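Below you'll find the structure, written out as structure tokens, and then a few comments.
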Amino acid sequence: VQKVGTNELYACKFMKNCEERAENWEEYQKIIRETDILTQLQSGREMCPYILRLHDAFVTCVSGSDASPSSLTDSLQKRIVSDKTLVLITELLDGEELTVTVQRRKEDRSSVSVDMVLDIIRQLLTAVVYCHDQNIIHRDIKVWTSYI
């Protein structure tokens, strides 16, 4: 998406029927908790450059006249009913998923340099330390959610 006036580009993720699509209530709560955590991470001192920035989160009605979004960043525990869509506006990342890089290197039969591996590890550990400093523990670090 493009911000009117500044022409800044952002990523926009739509989670339609968020509550309905969640396999169970715990999964739905996890989605809300992750949004809450991203908001909390940005309220700390200087933001870590290796953590995705959440610019806005809101719930919007899929149809009907109730289409005006209500901010989730103010009240993240709001209940999302099945006809609503959770919208996340985040920074637009320039890189690619780490899994894509690994797969491409595998297909090309090329190696990853030691310097590149050390840089990736440094970035991940910097982000983890920042989270810990904010009293947040990341228990689900995955290759496919890491961008380089």
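Structure values in brief
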| item | result |
| --- | --- |
| Hits in the stretch 111-148 (condition: part of a helix (DSSP H, G or I) and among the basic types (Lys, Arg)) | 122 |
| Any hit, the stretch 111-120, residues being in contact with a helix residue (DSSP H, G or I) (Cβ under 8 Å, 6 or more places away or on another chain), exposed (fewer than 13 other Cβ atoms within 10 Å of the Cβ) and farther than 29 Å from residue 3 by Cα | yes |
| Candidate set: the stretch 121-142, residues that are within 18 Å of residue 95 (Cβ to Cβ) and in contact (Cβ under 8 Å) with a residue 40 or more places away in the chain; chosen: the one least open to solvent (accessible area, probe 1.4 Å) | 127 |
| Of residues in the stretch 33-71 being of a type in the set (Val, Ile, Thr) and modelled with pLDDT under 80, the one farthest from the chain's Cα centre (by Cα) | 62 |
| Looking only at the stretch 92-110, and only at residues there that are open to solvent by 90 Å² or more (accessible area, probe 1.4 Å) and in a helix (DSSP H, G or I), the one that is nearest to residue 43 (Cα to Cα) | 104 |
| Pairs, first touching a residue at least 12 places away in the same chain (Cβ under 8 Å) in the stretch 101-120, second open to solvent by 100 Å² or more (accessible area, probe 1.4 Å) and polar (S, T, N, Q), C-beta under 8 Å, six or more apart | none |
| Qualifying residues in the stretch 1-15 (those that are open to solvent by 70 Å² or more (accessible area, probe 1.4 Å) and under 16 Å from the mean Cα position of the chain (by Cα)) - the one modelled with the highest pLDDT | 9 |
| Unique residue being surrounded by 12 or more Cβ atoms within 10 Å (Cβ to Cβ), part of a strand (DSSP E or B), modelled with pLDDT under 85 and not aromatic (Phe, Trp, Tyr) when the list is 86, 76 | 86 |
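The values are calculated or read from the model by the stated rules, or taken from the named source; none is laboratory data. Worth saying up front: this structure is predicted, and the values here are computed from it rather than measured. Please note: Cβ atoms are built from the backbone with ideal geometry, for glycine as well, and neighbour counts cover all protein chains shown. For accessibility, only protein heavy atoms count, side chains too; no ligands or nucleic acids. Shrake-Rupley method; radii C 1.70, N 1.55, O 1.52, S 1.80 Å.
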